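In what follows, a single structure is set out as structure tokens and then discussed.
The values are calculated or read from the model by the stated rules, or taken from the named source; none is laboratory data. These numbers were taken from a predicted model, which means no experiment stands behind them. Methodologically, a virtual Cβ is constructed for each residue, glycine included, from the backbone with ideal geometry; neighbour enumeration extends over all protein chains shown. Ligands, DNA and RNA are stripped out before the accessible areas are found, and what is left, the full protein with its side chains, is counted by its heavy atoms. Shrake-Rupley method; radii C 1.70, N 1.55, O 1.52, S 1.80 Å.
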Amino acid sequence: MTVIGFLSTAPVVEDSMSAEVANAVEALEDYDVEYETGPMGTTIEAENVDELFAAAQAAHEAVDGDRVSTFLKIDDKRTSDESAAAKVDAVESHLERPARSRE
């Protein structure tokens, strides 16, 4: 089974958050997850929800600040083992092109 999550965690500040976001992403390295970071969050794949929750908690705790905001969305499709990349591939198949703006 593959569990896919979308994680966004950052301090609540007006200045750049990139250093603290980098701390959160680095914390994922201690867990058995695959991840890819984009401009609005990080997609995480794990074998089970326990590992996903543990990785998300570590990322949340790695952010320093008086106030930290974390958003976690989970897709726990229990009847198949479809990866995040396969989900994108399926959309691109319908589009018959990459799922991004045309140049």
If the Cβ limit is 9 Å and pairs must be 6+ apart or interchain, which residue in segment 42-62 that is among the aromatic types (Phe, Trp, Tyr) pairs with which residue that is outside any helix (DSSP H, G or I) and open to solvent by less than 30 Å² (accessible area, probe 1.4 Å)?
PHE53/GLY5; PHE53/ALA46
Return the only residue of ASP81, ASP50, ASP30 being open to solvent by 40 Å² or more (accessible area, probe 1.4 Å) and at pLDDT below 95.
ASP81
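Over 20 Å from the mean Cα position of the chain (by Cα), modelled with pLDDT of 90 or more and exposed (fewer than 13 other Cβ atoms within 10 Å of the Cβ): does that describe ARG97?
Answer is yes for this residue.
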Any residue in segment 1-26 that's charged (D, E, K, R) and open to solvent by less than 70 Å² (accessible area, probe 1.4 Å): show its pairings with residues that are at pLDDT below 95 and outside any strand (DSSP E or B) at Cβ separation under 7 Å, as long as the two are six or more apart or on different chains.
GLU20/ASP64; GLU20/GLY65
Segment 74-95 residues that are within 17 Å of VAL33 (Cα to Cα) and part of a helix (DSSP H, G or I), paired with ones that are open to solvent by 70 Å² or more (accessible area, probe 1.4 Å) and among the aliphatic types (A, V, I, L, M) (beta carbon under 7 Å, 6 or more apart)
none
